[in-house]
Amino acid sequence: MLAIGTAAPALRVTQEESFSLSGYTQPNIRRIFRNSGIDFRHFYFEGVPRLDETSDELNERYRRGAIHTGCRAARACLDEAGLSCRDVDLLVVCSSTGYVCPDIGSHLVAHMGFRPDVQRVPIVGLGCAGAIPSLRCASDFVQSHLGTVSLVVTVEICSACYYADGTMETVVGNAICADGAAAFLLTSSALRRHPYPAIVDFQSFLDPGHLQTVGFDRRNGKLRIVLGAEVRDLAAPLIQGALAPLLARNGLSSADIRFWVAHPGGRRVLDKVQHALRLTHADLHFSRSTLRRFGNMSSPTVMFVLDEVIRTGEPRAGDWGVMIALGPGMAAELALLQW
């Protein structure tokens, strides 16, 4: 890994302000907003936020927001590595909160000036887990095409999926989801530099018996967040199903892992994962800090956690880390890292 870049929209609101904007008035829902473990969230709006957007307006806001926020993350990442978009051989773009054709990646090519022969891979429908399969795609590419550079952009405008129907699952989704983007560069050459880790291995674990638990469905032409309450109980078994073979294959145990880079799907999900994996509160410090400052931005969020580990965790050569993300399918996606 050469660099990471992150970006969040300019509109930053507290959870109290978010509740005021949400259209809800019930005291019990206000408590859900306030007890989420989130202090701030960012949303992409041009002008004053509205609750009466049509499906067309929501998808157009998704398109504009994904391009604008994705561009900012990509430029920050390239600048950090001292590279330009002309150096990129593969562009992978992961996004699940809207649909456009041409894809967001093609728009980024046009906006940023990538080479005309850059390869593109859009990854859709993987929700909060999408960053790690995207990372795997980019990793496979640079390993099979030596000397190349892959840029991955994960970008979500969750606010373009805002839907209020009175159900508790949409209340929870509306209380924790936010907008943001992360980008990261990979190469197989010797360019990697501290403090960015090497990508060692991957592991997936899918339970298709819970296909309807997490994701999006469409109501009245609008995307609606599906976030079943059972997610908090399914998270730990899914992670364990992926973690055990990943560690065993690499001759490691949980005690060897210094950094647990876990996607903060929500406060209660993190609590369950911490208990089931016998982690300390300190082990999930970076995940809780990211949740507190940004909320759940879906696919980019785990990369925000990794960015905080790199910036403030003081990783040392030889340290091991495990990236963890959960998403629709229902699936756990893990990546093994070493500094």
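The values are calculated or read from the model by the stated rules, or taken from the named source; none is laboratory data. Remember, predicted model here, so these are calculated numbers, not experimental data. Reconstructed Cβ throughout: ideal geometry from the backbone, glycine too, with neighbour counts over all protein chains shown. Protein only, heavy atoms only, side chains kept; ligands, DNA and RNA dropped before computing areas. Shrake-Rupley method; radii C 1.70, N 1.55, O 1.52, S 1.80 Å.
From the list V153, V226, the lone residue that is part of a strand (DSSP E or B), touching a Phe, Trp or Tyr at 6+ places or on another chain (Cβ under 9 Å), more than 19 Å from V322 (Cβ to Cβ) and modelled with pLDDT of 85 or more is V153. Checking the stated criteria, S139 turns out not to satisfy the condition of being closer than 19 Å to A66 by Cα and open to solvent by less than 20 Å² (accessible area, probe 1.4 Å). Select from the stretch 54-91 the residues that are in contact with a Phe, Trp or Tyr (Cβ under 8 Å, 6 or more places away or on another chain) and either of a type in the set (S, T, N, Q) or not in a helix (DSSP H, G or I) (or both) and list them in ascending order. If the condition is that a residue be in contact with a Phe, Trp or Tyr (Cβ under 8 Å, 6 or more places away or on another chain) and either of a type in the set (S, T, N, Q) or not in a helix (DSSP H, G or I) (or both), then N59, T69, V88, D89, L90, L91 are the ones that fit. Checking each residue in the stretch 274-303 for being more than 26 Å from R224 (Cβ to Cβ) and hydrophobic (A, V, I, L, M, F, W, C) picks out A276, L277, L279, A282, L284, F286.
Looking at the stretch 266-293 only, could you name the residues that are touching a residue at least 40 places away in the same chain (Cβ under 8 Å), open to solvent by less than 30 Å² (accessible area, probe 1.4 Å) and not aliphatic (A, V, I, L, M)? G266, the sole residue that qualifies.
Answer yes or no: is there a residue in the stretch 125-132 that is open to solvent by less than 10 Å² (accessible area, probe 1.4 Å), in contact with a Phe, Trp or Tyr (Cβ under 9 Å, 6 or more places away or on another chain), part of a helix (DSSP H, G or I) and within 20 Å of H107 (Cβ to Cβ). Yes; the residues of the stretch 125-132 include at least one that is open to solvent by less than 10 Å² (accessible area, probe 1.4 Å), in contact with a Phe, Trp or Tyr (Cβ under 9 Å, 6 or more places away or on another chain), part of a helix (DSSP H, G or I) and within 20 Å of H107 (Cβ to Cβ).
Scanning the stretch 188-209 for residues that are surrounded by 12 or more Cβ atoms within 10 Å (Cβ to Cβ) and modelled with pLDDT under 80 yields L191, R192. The set of residues in the stretch 186-236 that are touching a Cys at 6+ places or on another chain (Cβ under 6 Å) and more than 19 Å from H263 (Cβ to Cβ) contains only L223. Filtering the stretch 292-336 to residues that are part of a helix (DSSP H, G or I) and closer than 24 Å to V124 by Cβ leaves F294, T301, V302, M303, F304, V305, L306, D307.
Taking the condition open to solvent by 70 Å² or more (accessible area, probe 1.4 Å), among the small types (G, A, S) and either over 27 Å from V13 (Cα atoms) or more than 23 Å from the chain's Cα centre (by Cα) (or both), does A110 pass? For A110, the condition - open to solvent by 70 Å² or more (accessible area, probe 1.4 Å), among the small types (G, A, S) and either over 27 Å from V13 (Cα atoms) or more than 23 Å from the chain's Cα centre (by Cα) (or both) - is met.
Small (G, A, S) and outside any strand (DSSP E or B), is that true of A181? Taking the combined requirement at face value, the residue does not satisfy it.
If you go through the stretch 248-265 and keep only what is in a helix (DSSP H, G or I) and without any contact (Cβ under 8 Å) to a residue 24 or more places away in the chain, you end up with A248, A255.
Could you please find all residues in the stretch 80-103 being open to solvent by less than 40 Å² (accessible area, probe 1.4 Å) and under 21 Å from A3 (Cα atoms)? Of everything in the stretch 80-103, those that are open to solvent by less than 40 Å² (accessible area, probe 1.4 Å) and under 21 Å from A3 (Cα atoms) turn out to be A81, C85, V88, D89, L90, L91, V92, V93, C94, S95.
Annotation: of all residues in the stretch 53-79 being more than 20 Å from the chain's Cα centre (by Cα) and open to solvent by 60 Å² or more (accessible area, probe 1.4 Å), the one that is nearest to S189 (Cα to Cα) is D79.
The residue of the stretch 10-38 that is farthest from the chain's Cα centre (by Cα), among those that are outside any helix (DSSP H, G or I) and surrounded by 14 or more Cβ atoms within 10 Å (Cβ to Cβ), is Y24. So, R50, is that one of a type outside the set (G, A, S), more than 26 Å from L223 (Cβ to Cβ) and out of contact with any helix residue (DSSP H, G or I) (no Cβ under 6 Å at 6 or more places or on another chain) or not? It is false that R50 is of a type outside the set (G, A, S), more than 26 Å from L223 (Cβ to Cβ) and out of contact with any helix residue (DSSP H, G or I) (no Cβ under 6 Å at 6 or more places or on another chain).
Figure legend. Inter-residue proximity from the stretch 81-107: first residues under 18 Å from D179 (Cα atoms), second residues open to solvent by 10 Å² or more (accessible area, probe 1.4 Å) and among the basic types (K, R), beta-carbon distance below 7 Å, spacing 6+ or different chains. Indicated pairs: G98/R63; V100/R63; G105/R120.
Among the residues of the stretch 160-176, those that are assigned to a helix (DSSP H, G or I) and open to solvent by 10 Å² or more (accessible area, probe 1.4 Å) comprise M168, E169, V172, N174, I176.
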